[in-house]
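A short reminder: the numbers here are calculations on the coordinates, not readings from a lab. Please read these numbers as outputs of a predicted model, since none were measured by experiment. Don't worry about glycine lacking a Cβ; one is built from the backbone with ideal geometry, like all the others, and counts go over all protein chains shown.
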Amino acid sequence: MPVTPTLALLQRPRRLRRTAAIRALVEETRVTADDLVAPLFVVDGKAAPEEIASMPGAFRLSIADLVKECRALHRLGVRAVALFPKLEKSLKTPRGAEAINPETLILRAIRAVKKAVPELLVVADIALDPYTTHGHDGVLTADGDDVDNDTTVAALAEMAVLHAEAGTDLVAPSDMMDGRVGAIRRALDAGGHTGTAILAYAAKFNSAYYGPFREAVGSAQAAGTTLLGKHTYQLNPANRREALKDALLDEAEGADLLMVKPAGAYLDVISDLRAATRLPVAAYQVSGEYSQIQAAARLGWLDLRRTRDESLLAIKRAGADLILTYFAKAVATDLAD
Ligand code: PBG
């Protein structure tokens, strides 16, 4: 005898969730190793990897260990790394001149990685914050109370050319100065680097989620002040339209990819940008996003793997084509199993 259902429903959405097979068949979004970029921190010297206190599972690496890590990531199917230098304090100056020293740490690191694993793409951050004593992304104005836009842009363009010469595949200006993408494109082209792409930190917000990163690279402390405010150049987290405006300017200036940063708290911006541009959209799941998941997992309050995977899925679902994440290696390892 057929059982008469209680509810006469034409649509029963649960039909598509009944089995693992049908769930897989209708799955809309999947994160793969191809989508991931691994940010890595490099230090000078031969010291063993040093774990970053506020970023469990992330390390500052010597160039030799960085090369090893890049080989491992490449074997796992990760296509790209984003490199960040942590400099000795003694190399920092108010104007950050070390950024354009042809033998500076990051350039030596890029050359070593490209020599050892040529197919692995190298993304290099273009900004002065690892090099300045005050930790700002640029050169300060004469009265010292703001970052000078045009002087900074000139330094960034020079820095981008040096990074391209060292073998960088994608230069990533993360400073949020006006006009820097255009200036960098012109400088790269004039230097013959027409193949070097620009991954613009197009919508970068003035976010508290960068805290652990600033500990990692030692840019946290402005000289004589406490916490660094980047309000005059990074976007106000309240502003969705302005983010789009700024990002589309980067496209008009010649950016090849547009990035939203942070990611998890700005899914609306990722989604807006996906609809507004035909360029690939990148998203940076930043240090604070990583650390809060790690911290809750350590307390036993969240499941690390499931929360991690869900956070990345959400970023991809919102419209990101690629994701910079400190979870890259762990995710690629689990996917390879
Ligand atoms: C600096 C830069 C920052 C990050 C990437 N590049 C920090 C900042 O703007 O102060 C943050 C990355 C992270 O938090 O993981 N130009």
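Between the stretch 103-131 and the stretch 240-274, the C-alpha centres lie 25 angstrom from each other.
Pairs of alpha-carbon atoms within less than 8 angstrom and 6+ residues apart define the contacts here; what relative contact order does the chain have, in percent?
On the way: 646 pairs, mean separation 60.1, N = 337.
Normalised by residue count, the contact order of the chain is 18 percent.
Please figure out what share of the DSSP beta bridges in the stretch 29-336 is antiparallel and state it in percent, rounded to the nearest 5.
10
Computed from the Cβ-Cβ distance with R0 of 35 Å, the FRET efficiency linking residue 296 to residue 101 stands at 0.30. Exposed loop sites here mean GluC sites (Glu not before Pro) with a DSSP loop assignment and at most 11 other beta-carbon atoms within 10 Å; the chain contains its longest site-free run at 120-337.
For the stretch 261-312, trypsin sites (Lys or Arg not before Pro) are listed when DSSP marks them as loop and at most 14 other Cβ atoms sit within 10 Å of their Cβ; the list is 278.
Seen from residue 191, the other residues with C-beta closer than 14 Å to its C-beta sum to a net charge of -1, counting Lys and Arg as +1 and Asp and Glu as -1. Cβ crowding within 10 Å, taken as a proxy for footprinting-reagent exposure, orders 74, 163 from fewest neighbours to most as 74, 163.
For residue 9 and residue 178, FRET efficiency with R0 = 56 Å and r from the beta-carbon atoms, rounded to 0.05? Display every interim value, and only then the final one.
On the way: r = 56 Å, r/R0 = 1.00.
With a Förster radius of 56 Å, E is 0.50.
Relative to the first principal axis of the alpha-carbon coordinates of the chain, what is the inclination of helix 304-318, with its axis defined by its Cα atoms, in degrees from 0 to 90 and to the nearest 10? On a 0 to 90 degree scale, this one is about 80. Put simply, the amide H of residue 126, placed in the peptide plane, has neighbours under 5 Å in 172, 174, leaving out anything fewer than 5 places away on its chain.
Principal-axis analysis of the Cα atoms of the chain puts helix 267-276 at an angle of about 80° to the longest axis.
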